[in-house]
1. Computing the accessible area with a 1.4 Å probe over protein heavy atoms, can you report the carbon and sulfur percentage for segment 1-144?
2. So with the 1.4 Å probe, I'd like the accessible area per residue for segment 43-132, rounded to whole Å².
3. Using a 10 angstrom cutoff on alpha carbons, build the Gaussian network for the chain and name the most mobile of LEU239, LEU72, LEU26.
4. In debye, nearest 20: dipole of segment 192-266 around its Cα centre with unit charges on the Cβ of K, R (+) and D, E (-)?
5. For the chain, modelled as a Gaussian network with Cα springs under 10 Å, which listed residue fluctuates most, GLU68, GLU45, GLU210?
6. With θ set to phi - 60°, apply the Karplus curve 6.51 cos²θ - 1.76 cosθ + 1.60 along segment 111-127 and write out the HN-Hα couplings as whole Hz, x wherever there is a Gly or Pro.
7. Pop a pseudo-label 7 angstrom from the Cα along the beta-carbon direction at both THR35 and ILE136 and give the gap in nm to one decimal.
8. Which cross-chain or sequence-distant (5 or more) residues have an amide H under 5 Å from the amide H of SER119, H modelled 1.01 Å from N in plane?
Amino acid sequence: MINTKQLQQLMAGKKPTVGLILGSGLGMIADTIDTPLVINYADIEGFPQTTVAGHSGKMIVGKIGKTEVLCLQGRFHLYEGHRPQTIAEVIAALKILGIKQLIITNAAGSLNPAFAPGSLMMISDHINFSGQNPLIGKNNDLIGPRFPDMSNAYNRDLRRHMNQIAERLQIDLPEGIYLMVLGPNFETAAEVRAFRTLGADAVGMSTVPEVIAAVHAGIDVLALSAITNYGTGLQSTPLSHQETITNAARAADNLTALITTYIKEL
Ligand code: HPA
């Protein structure tokens, strides 16, 4: 378990209310944090370590506008071998630190011909196709209920606020359904067709465990995907992690503008 007492000490009196979890190649929002206090995951007792290129493994605490934020730059994917419960422990630590709202970004493949690489999608709901769940095991009643309701997992009020900002900044931000696979391989073409048939607009290897754990903990969630590629079979070239990183960078400027404006207007 994460030692939250030690974490509170490391945070030196800072009291963030908004959490940020940043996806592959999408870490630059962290550069907009004023007077940042940077804590390496390695220095936090009980905190897991990241293993993916493009995920640096730091907690950054500071201000965006007047809002104190806590940013996790580098996340924990199940395909790295992390137990799903580890993600619930990280989210529980955020709750104990006072986080009320969690903003999540990820890189995702498009299943919807209208969602092109380099564009953004706001997640309105998800399909958990990972076969995993962060809440497996004995329930921690101090954090949340055994059977959490998921009917407003991607909080409608937060989405409305973000939609207004996207309109004002003239950034396209369609809503869509995110389907999570375990990975680490990209999907087969048959899987991509199947997922589209199931009603998903984008596919990725993260986010769903964090959202389930956050909803359980009573933390409001807003989640945005940077579309980095068309799913297998929808584009003629093979997929690579490099393509993911390159196209995430194309989407990142808009993503940064949306999220920093959103947080400043909280
Ligand atoms: N599939 C799964 N995860 C992803 C993809 C994809 O096509 N692109 C970025 N992350």
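The values are calculated or read from the model by the stated rules, or taken from the named source; none is laboratory data. Predicted, not measured: the structure shown is a model, and the values here were computed from it. Cβ: placed from backbone, ideal geometry, glycine included. Neighbour counts: every protein chain shown. For the accessible areas, the whole protein counts, side chains as well, though only heavy atoms, and no ligand, DNA or RNA atoms are used. Shrake-Rupley method; radii C 1.70, N 1.55, O 1.52, S 1.80 Å.
1. On the way: 3090 of 5880 Å².
Ligands and nucleic acids excluded, carbon and sulfur give 52 percent.
2. Numbers: 3030 Å² over 90 residues.
Heavy-atom SASA per residue in segment 43-132 reads 34 Å².
3. For the chain, modelled as a Gaussian network with Cα springs under 10 Å, the answer is LEU239.
4. Details: 4 positive and 6 negative charges, 47 e Å.
With Lys and Arg at +1 and Asp and Glu at -1, about 220 debye.
5. Among GLU68, GLU45, GLU210, the largest GNM mean-square fluctuation belongs to GLU45.
6. Each residue's phi maps through the Karplus curve to give 10, 10, x, 6, 9, 8, x, x, 9, 10, 9, 8, 6, 9, 5, 9, 10 Hz.
7. About 4.4 nm separates the two model spin labels.
8. ILE227
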